[in-house]
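Undergrad: Structure provided below as structure tokens; questions to follow.
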Amino acid sequence: MSKSFFVDTTVCTACRGCQVACKQWHDLPAEQTQNRGSYQNPEDLSFDTYKLVRMSEEVIDGQMQWLFFPDQCRHCLEPPCQDIADDASAIFTDRATGAVLYTANTKGLDISEIIESCPYNVPRASKDGTLAKCDMCIDRIHNGLDPACVKTCPTGAMNFGTRGDMLSLAENRLKASQKKFPYASLLDPGDVRVIFLVAFDPDLYHESAVASHGISGMTRHAALKRMLRPLTQIAGRIA
Ligand code: SF4
Ligand code: SF4
């Protein structure tokens with residue numbers, strides 16, 4: 001049964017447990033960083049950082065608000081990055097879960113085109129031109145475990161389960177949140193497998209919190225490739 005995450009930023013405390021758990025599970029190295037006057041660290045996603053808790057401080061209605069956004073690949077239902085790569089040995093969707101997975105064969109592809117196709121600015125390249133991003137902890141899931149970020153989250157911000165369950169949870173938490181935050185919203189819930197709930201304008205959290213050029217507004221090249229894709233391949237996608 002296909003899977004999804006629900007990320008409730010209204011209860012995220014920015015403890016960064018999810019970020020560290022991701023590094024630990026994937027055996028990714030720490031990065032050399034410097035003080036930039038922000039608790040967000042490192043500065044951005046990278047080949048070695050698949051999960052990043054973004055932090056911003058905003059004055060909203062005269063009150064200072066800390067906005068936390070545990071950013072990662074959204075595992076799009078119709079992933080533009082996969083369409084534009086058009087190479088199943090490099091980028092493919094896992095049938096059982098819907099996870100969008102990258103392999104070492106991304107090396108040698110036109111990676112700038114793939115990076116540009118992502119509406120959420122997620123894929124990152126190594127020096128040798130291999131791409132990497134969140135893999136949904138696919139090895140854990142296929143062994144009956146939750147993704148490491150979900151397992152470690154102490155507040156209930158990170159949730160994971162069947163797509164139906166996560167959509168129901170998201171709708172329920174949205175309704176509850178709107179009593180306190182009237183402008184709370186779910187971000188692109190019909191397009192992605194990582195559904196964020198935010199209390200305020202999503203642009204205040206991160207410039208790519210919502211799709212920058214839309215799943216349906218992907219680059220013309222990717223759209224053309226999708227139109228030309230065999231019907232059998234389209235039917236294989238799991239909603
Ligand atoms: S968020 Fe970006 S990298 Fe992740 S599946 Fe969608 S297009 Fe690909
Ligand atoms: S582990 Fe949970 S509470 Fe901590 S930063 Fe991640 S999402 Fe937020």
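Read-outs: derived from the displayed coordinates by stated rules, not from any lab. Just so it is clear, the structure is predicted and the values come from calculations on it, not from any experiment. In this analysis, Cβ positions are derived from the backbone assuming ideal geometry, glycine residues included, and neighbour counts consider all displayed protein chains.
Undergrad: At a Förster distance of 30 Å, what's the computed FRET efficiency of Arg95 paired with Gln24, Cβ-Cβ distance as r, to 0.05? Intermediate results must be reported in sequence, preceding the final value.
TA: Working: r = 28 Å, r/R0 = 0.92.
Efficiency for this residue pair is about 0.60.
Undergrad: Which of Lys133/Lys180; Lys51/Lys127; Lys23/Lys175; Lys51/Lys107 have a Cα-Cα distance over 31 Å? Numbers along the way, then the final one.
TA: Details: Lys133/Lys180 34 Å; Lys51/Lys127 19 Å; Lys23/Lys175 33 Å; Lys51/Lys107 21 Å.
In this structure, Lys133/Lys180; Lys23/Lys175 lie more than 31 Å apart at Cα.
Undergrad: Can you give the charge dipole size of the stretch 54-169 about its Cα centre, rounded to the nearest 20 debye, using +1 on the beta carbon of Lys and Arg and -1 on the beta carbon of Asp and Glu?
TA: 400
Undergrad: Determine the dipole magnitude for the chain: charges of +1 sit on the beta-carbon of Lys and Arg, -1 on that of Asp and Glu, nothing else is charged, the reference point is the Cα centre, and the result goes in debye to the nearest 20.
TA: Magnitude of the dipole: close to 580 debye.
Undergrad: Once a ≥ b ≥ c are taken as the square roots of the eigenvalues of the Cα gyration tensor of the stretch 1-134, is the result rounded (a/c under 1.5), prolate (a/b larger than b/c) or oblate (a/b not larger than b/c)?
TA: It comes out prolate by the Cα gyration axes.
Undergrad: I want to check the label-to-label distance for Glu207 and Asn172. Put each point 7 Å from Cα in the C-beta direction and report it in nm to one decimal.
TA: Using points 7 Å along Cα→Cβ, the separation is 3.8 nm.
Undergrad: Please sort by residue number the chymotrypsin sites (Phe, Trp or Tyr not before Pro) in the stretch 1-90 whose DSSP state is loop and whose Cβ has at most 13 other Cβ atoms within 10 Å.
TA: Listed in order of number, the matching sites are Tyr39.
Undergrad: Based only on the alpha carbon positions, what is the Kirkwood hydrodynamic radius of the stretch 86-163, in angstrom? All intermediate terms of the calculation are to be shown ahead of the outcome.
TA: Working: mean 1/r = 0.0716 Å⁻¹.
In the stretch 86-163 this quantity evaluates to 14.0 Å.
Undergrad: Could I ask something else about it? Modelling each spin label as a point 7 Å along the Cα-to-Cβ direction, I'd like the Ser38/Ser126 distance in nm, to one decimal.
TA: About 2.7 nm, to one decimal.
Undergrad: I've got another one for you. Restricting attention to the alpha-carbon atoms of the stretch 125-174, what are Rg (one decimal) and Dmax (integer), both in Å?
TA: Considering the stretch 125-174 through its Cα atoms, Rg and Dmax are 14.3, 45 Å.
Undergrad: A further question follows. Find how many whole Å separate the alpha carbon centroid of the stretch 134-181 from the alpha carbon centroid of the stretch 1-68.
TA: Each part reduced to its Cα centre gives a spacing of 16 Å.
Undergrad: Taking only DSSP H segments of four or more residues, each worth -39500 (n - 2.57), what value at 222 nm results for the chain once the sum is divided by all its residues, to the nearest 500 deg cm²/dmol?
TA: Value at 222 nm, helices only: -7000 deg cm²/dmol.
Undergrad: Let me ask something else about it. Let me know the longest stretch in the chain that avoids all trypsin sites (Lys or Arg not before Pro) found in a DSSP loop with at most 16 other C-beta atoms within 10 Å.
TA: 128-236
Undergrad: Restricting attention to the chain, give the cysteines that have no other cysteine Cβ less than 4.7 angstrom from their Cβ.
TA: Cys12, Cys15, Cys22, Cys76, Cys81, Cys118, Cys137, Cys153
Undergrad: Could you work out, for the chain, what percent of all Cα-Cα pairs fall into each 5 Å distance bin, beginning at 0 Å and stopping at the bin that holds the largest distance?
TA: Here the calculated profile for the chain is 1, 6, 14, 18, 20, 18, 12, 7, 3, 1, 0.
Undergrad: Here's another thing I want to ask about it. Starting from the Kirkwood Rh over alpha-carbon pairs, what translational D in µm² s⁻¹ does the stretch 84-130 have by Stokes-Einstein at 25 °C and 0.890 mPa s?
TA: 220
Undergrad: Using a basic spin-label model with each label point 7 Å from the Cα along Cα→Cβ, how many nm lie between Asp61 and Asp48?
TA: Once both label points are built, they end up 4.3 nm from each other.
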